[in-house]
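Trainee: Before I ask anything, here is the structure I am working with.
Just so it is clear, none of the values below were taken in a lab; they were calculated from the coordinates. Given the structure is predicted, the values throughout are model-derived calculations rather than measurements. Glycine also receives a Cβ, built like all others from the backbone with ideal geometry; neighbour counts cover every protein chain displayed.
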Amino acid sequence: MLRAITALLVCQLVGELTALVLRLPVPGPVIGMFLLFLVLLARRGVPRPLQDTAAGLLGNLSLLFVPAGVGVVAHLARLSDEALPIAVALVGSTVLAIAVTAWIMAALLRRTGRSGGPPS
C-alpha cells in the first residue's frame, strides 16, 4: 500500500513540476493522472496493490470535498453577489457538454454504420 500511494504521489509531483516548468494551463494533478495512465498502458494493466489503494481512496473520496465545502461557506457573500454569472456559466457549460457529447456520439454512430435507435 505504501508503494502504491508513493507511486500516486510521485505521478502528481511530476505533473505539478511539469505544469510549473512548462507553464502549462493544465493543473499538475491532471498531468500526473495522464502520466499514470500512460504508465499503466505501457504495463498493460493495473497492479493489484494500486487497485486496492485506489479503491480505498475512492471509498473515502467524500472527505476530500470538505475543504471545498468550507471554501464555499467562507465565500457565500461573494457567491450571492455573483449568482447570475455563476448560474449562466453552470447552465451554459452543461448545455455545451451535452451538445458536444451528442454530436460526438452521432458522429461515432455514423462512422460505425449504426442508427443509434433501440436494439432490434
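Trainee: Which residue out of Arg48, Arg43, Arg23 is surrounded by 10 or more Cβ atoms within 10 Å (Cβ to Cβ) and among the basic types (Lys, Arg)?
Mentor: Arg43
Trainee: Something else: Can you tell me which residue among Val88, Val73 is out of contact with any helix residue (DSSP H, G or I) (no Cβ under 9 Å at 6 or more places or on another chain), surrounded by 10 or more Cβ atoms within 10 Å (Cβ to Cβ) and not acidic (Asp, Glu)?
Mentor: It is Val88.
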